[in-house]
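First up is the structure itself, then whatever we jot down about it.
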Amino acid sequence: MFLKKSNIRTFSLLLTVGLGSTLAVSVFSPNVGTIQKANANTIAQNNSSKTVIRIGYQKAATILYALKAKGELEKTLKASGASVTWTEFPAGPPMLEALNAGSIDFGYTGEAPPVFAQAAGVPLVYVAYDPYGPKAEAIIVHKDSPIKNVADLKGKKVAFAKGANVNYLVVKALEKAGLKYTDIKPTFLAPADGRAAFEGRNVDAWAVWDPYLAAAQKATGARILTDATGLAPNRGYYLAAKSFAQKNPAGLKTVLAGVSKVSDWAKGNPKDVAKLLSPVLGIDAAVLEVAEKRRKYGVLPLTNDVIAKQQEIADTFYKINLIPKQIKVKEIVWQGKK
């Protein structure tokens, strides 16, 4: 399957143009190997008469990774003659680029990536949300840093992943402190590179989410300048390709049921979740357990209040020129699950 080049270029542009800063294209451009793998899954599906549901996941996205590891969805789908393929992505933006390319059907990201994607014309729908929680992301500084509050970030280098949930946290934290986005020096880095830059003291602060947040706190003694409490909801969203939701609503509901079952398990078993994720993330289970205990779980339908908050995020990004046009979030909310 060929990439929808115009939308990919638009989406990539949104994720590589910053205000007063530059971004290495490799950070948020699609991973070629990952896209090729996803397209290979598409070709395999086209050569088979049975339904194949293609799911994109991130290792740090607890529920989808646990769903994959447990293999229960495969068993459920097998009864109806369907199957599932899994493609790993380093972050939400490249996952949604793959969805735009027609290479995956379903995935999970934070609240910011779908805003960028909708602004770029990616054909996706919101199908459910995960409350996750404001304690699970934060802006941190070195334990001996002279920076005492967010206002002290003026003129400083702040690392974060552009297009991720923490992008919105940074904007709102600065706003509350009386600063503008242009008052800092954004350094756009994925978590692994952000950790290296932070530990190497090449940046003054780092905005990141769990479990990377918990790992950095344990390893460096980093001090939390602010978490998202009162600033950002820090929700996660389950997303689907519009075509998949229209053509296979039963399959989508089956996936959501599987996700919900694993979410209920994870909610009451933080220690087991930590043990499951530890070897694949390379993070100590005790650290992961800290992260699991300060997040929330759920596979919930999108209410008017949730949609309104997501709209506020979109409006904020438009206001500071991070997206090129205004969008209406409610226009891409799936109506198949009440």
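Values quoted throughout were computed directly from the atomic coordinates according to the rules given, and no laboratory measurement underlies them. Being a predicted model, the structure only gives us computed values, none of them experimental. Cβ placement follows ideal geometry from the backbone for every residue including glycine, while neighbour counts extend to all protein chains displayed.
Side notes on the structure shown:
- Relative contact order of region 101-242, pairs being alpha-carbon contacts under 8 Å that are 6 or more residues apart, as %: 48 percent
- Other residues with beta-carbon under 15 Å from the beta-carbon of residue 292 carry, at +1 per Lys or Arg and -1 per Asp or Glu, a net charge of +3.
- A convex hull fitted around the alpha carbon atoms of region 286-338 yields 127 Å³ per residue.
- Within the shell defined by Cβ-Cβ distances under 12 Å, the residues around residue 188 carry a net charge of +2, with Lys and Arg each +1 and Asp and Glu each -1.
- Global size of region 83-235 as Cα Rg and Dmax, reported in angstrom: 16.0, 54
- FRET E, pair residue 307, residue 149, Förster distance 30 Å, beta-carbon r, rounded to 0.05: 0.40
- Computed FRET value (nearest 0.05) for residue 242 with residue 294, which takes r as the C-beta separation and R₀ as 45 Å: 0.85
- Principal semi-axes in Å for region 238-287 [√(5λ), Cα gyration tensor, largest first]: 30, 13, 7
- Calculated FRET efficiency for the pair residue 59/residue 320, C-beta based, R₀ 41 Å, to 0.05: 0.85
- Rounded Å value of the spacing that divides the Cα centres of region 101-141 and region 150-182: 19 Å
- Positive minus negative residues near residue 109 (Lys, Arg vs Asp, Glu; Cβ under 12 Å): -2
- Cross-link reach list, aspartates and glutamates versus residue 253, counting only Cα pairs under 13 Å and skipping chain neighbours closer than eight places: 105
- Residue-span extension gain [residue 335 to residue 286] - 0.36 nm each, minus C-alpha spacing: 13.6 nm
- Listed residue (270, 291, 332) projecting farthest to the positive dipole end of region 268-338, Cβ model: 332
- Unsatisfied cross-links (Cα-Cα over 25 Å) in the set 78/293; 156/176; 242/296: 78/293; 242/296
- When +1 charges are put on Lys and Arg Cβ atoms and -1 charges on Asp and Glu Cβ atoms, the dipole computed for region 227-338 relative to its Cα centre reaches about 420 debye.
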